[in-house]
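Student: This is the structure I want to talk about, given as structure tokens.
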Amino acid sequence: MRFVDAAGNVVAPDRVPVYPFTSNWVTNQTYGGVFKATKWLALTGAYQESSLFTDNFGSDLFGRPLKPRSGRGADYGVRFNLLEDRLQTTFTYYDNSAANIPVTFPAAVRTEITGLLGPVTTGNTDTRRETSRGIEVEVVTNLTRNWTGRLAASRTLVHPSSTFPQLRGLLEQARTAARGRGLDP
């Protein structure tokens, strides 16, 4: 058995992009609950985490296997049940984060770094993290038994962070090398 890349080149055994699994094959976990404070008011909360072990194909900037994408998050909400169960309203706030999301950069950047530092990289794939926060509102009405109305709205803000952590270190080294050669970093 041997591994080949997309171009058909044989991948050396020490560079095979697989992630070692443990005997625990759990990839997702969710914990949550609803506390019914009164007949018309309930409080909710949940915690989730996941890893996509099947999504770690490929290799990083230095030829190592990509780490699996992973994430975790929490949501908190309040539910109102009014007019004898004919009007339900839910407000939810959530805060989620994801890690090891593969991102690539232009080959020209790799060429420039190689010109300054030598062949220190094997590819142009790095990672990033991102956080998403948002709110959701839902109103469901059954004012008559023949008609159900539903209104839902949500807003999400996504904040990327820690983009290109491996490349960032190489860029500092490349800038120092450029300065040392009298070049504009």
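Student: Of the numbered conditions (1) free of Cβ contacts under 8 Å to residues at least 12 places away in the same chain; (2) open to solvent by 50 Å² or more (accessible area, probe 1.4 Å); (3) in a strand (DSSP E or B), Phe91 satisfies every one except a single condition; which is it?
Tutor: (1)
Student: Mind telling me which of the residues Lys36, Lys67 ends up being at pLDDT 80 or above, over 30 Å from Leu157 (Cβ atoms) and open to solvent by 100 Å² or more (accessible area, probe 1.4 Å)? Before the answer, list the steps.
Tutor: Working: Lys67 fails: over 30 Å from Leu157 (Cβ atoms).
Answer to the selection: Lys36.
Student: Let me ask you something else. Does Ala7 satisfy being open to solvent by less than 70 Å² (accessible area, probe 1.4 Å) and either at pLDDT 85 or above or over 21 Å from Asn100 (Cβ atoms) (or both)?
Tutor: On the way: open to solvent by less than 70 Å² (accessible area, probe 1.4 Å): no; either at pLDDT 85 or above or over 21 Å from Asn100 (Cβ atoms) (or both): yes.
Taking the combined requirement at face value, the residue does not satisfy it.
Student: Based on what the data block shows, is Leu171 of a type in the set (A, V, I, L, M) and surrounded by fewer than 11 Cβ atoms within 10 Å (Cβ to Cβ)?
Tutor: no
Student: So, one more: With respect to the numbered conditions (1) in a strand (DSSP E or B); (2) at pLDDT below 90; (3) hydrophobic (A, V, I, L, M, F, W, C), which one is the sole condition not fulfilled by Leu183?
Tutor: The one condition Leu183 does not meet is (1).
Student: Okay, moving on. Determine which single condition Gly45 fails, assuming it passes every other condition in (1) surrounded by 13 or more Cβ atoms within 10 Å (Cβ to Cβ); (2) under 26 Å from Asn96 (Cβ atoms); (3) at pLDDT 75 or above; (4) in contact with a Leu (Cβ under 8 Å, 6 or more places away or on another chain).
Tutor: (4)
Student: Considering (1) among the polar types (S, T, N, Q); (2) under 30 Å from Pro119 (Cα atoms); (3) open to solvent by less than 40 Å² (accessible area, probe 1.4 Å), say which one Ser59 fails and leave the rest.
Tutor: Unmet condition: (3).
Student: Another one. Out of (1) open to solvent by less than 70 Å² (accessible area, probe 1.4 Å); (2) modelled with pLDDT of 90 or more, what's the single condition that is false for Arg79?
Tutor: For Arg79, the exception is condition (1).
Student: Looking only at residues in segment 150-160 that are surrounded by 11 or more Cβ atoms within 10 Å (Cβ to Cβ) and not β-branched (Val, Ile, Thr), which one is modelled with the lowest pLDDT? Full working, then the answer.
Tutor: Initially, segment 150-160 is screened for residues surrounded by 11 or more Cβ atoms within 10 Å (Cβ to Cβ), giving 154, 156, 158, 160.
Next, from what is left, pick out any that are not β-branched (Val, Ile, Thr): 154, 160.
On the way: Ser154: 96, Pro160: 90.
Going through the qualifying residues, I end up with Pro160.
Student: Now for a different question. Just one of (1) hydrophobic (A, V, I, L, M, F, W, C); (2) at pLDDT 90 or above; (3) open to solvent by 40 Å² or more (accessible area, probe 1.4 Å) trips up Leu143, so point out which.
Tutor: Every listed condition holds for Leu143 apart from (2).
The values are calculated or read from the model by the stated rules, or taken from the named source; none is laboratory data. Note that the structure is a prediction, hence the values are computed from the model and not measured. Note that we place each Cβ from the backbone using ideal geometry, even for glycine, and neighbour counts take in every protein chain shown. With ligands, DNA and RNA removed, areas are computed over all heavy atoms of the protein, side chains included. Shrake-Rupley method; radii C 1.70, N 1.55, O 1.52, S 1.80 Å.
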